[in-house]
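Remarks on the structure that follows.
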Amino acid sequence: MSKKYTDKFKRNAVALSERVGVKKASQKLSVSKNAIYTWRKNERPPGKTRIKGLLPGESAEQGLKRLEKQIAEYRQANEALMKALGRKAPQNTT
C-alpha cells in the first residue's frame, strides 16, 4: 500500500532535495528517492527541462560563466604544474 502525501509535503521535499540532494532528502524524510525524482519532474513546467551541470536556481548564462571561469582556473593550475615539471603546457585550441 502506498502512502498519500500532501502537495505541500511534496513541494517541501522537492525544495529540500534541491538544497541537499535527493539521497539526503529521502533519508531525512523517509521517502523513496524515486518518489522525490517523480515529484521533481512533476514540478517542472511543461517544456522546461533541467540542464545538467546547473546549480539550483542558476540560469544557463550564469552556469556558462561559472564553468568558463572554472576552466580558466584549471588551465592556470595545469600550466603551473607543467612548469614545475619542466614541461611545456599544450596550447589552447579555443
Check: What residue, of 35, 77, is in a helix (DSSP H, G or I) and exposed (fewer than 11 other Cβ atoms within 10 Å of the Cβ)?
Finding: 77
Next item on the list: Filter segment 43-94 for residues that are at pLDDT 85 or above, of a type outside the set (A, V, I, L, M, F, W, C) and within 29 Å of residue 24 (Cβ to Cβ) and give the result.
Entry: 61, 62, 63, 65, 66, 69, 70, 73, 74
Check: Looking at this structure, is residue 24 surrounded by 10 or more Cβ atoms within 10 Å (Cβ to Cβ), more than 14 Å from the chain's Cα centre (by Cα), modelled with pLDDT under 90 and not small (Gly, Ala, Ser)?
Finding: no
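The values are calculated or read from the model by the stated rules, or taken from the named source; none is laboratory data. Source: prediction; values computed, not measured. Ideal geometry is used to build each Cβ from the backbone, glycine not excepted, and the neighbour counts take in all protein chains shown.
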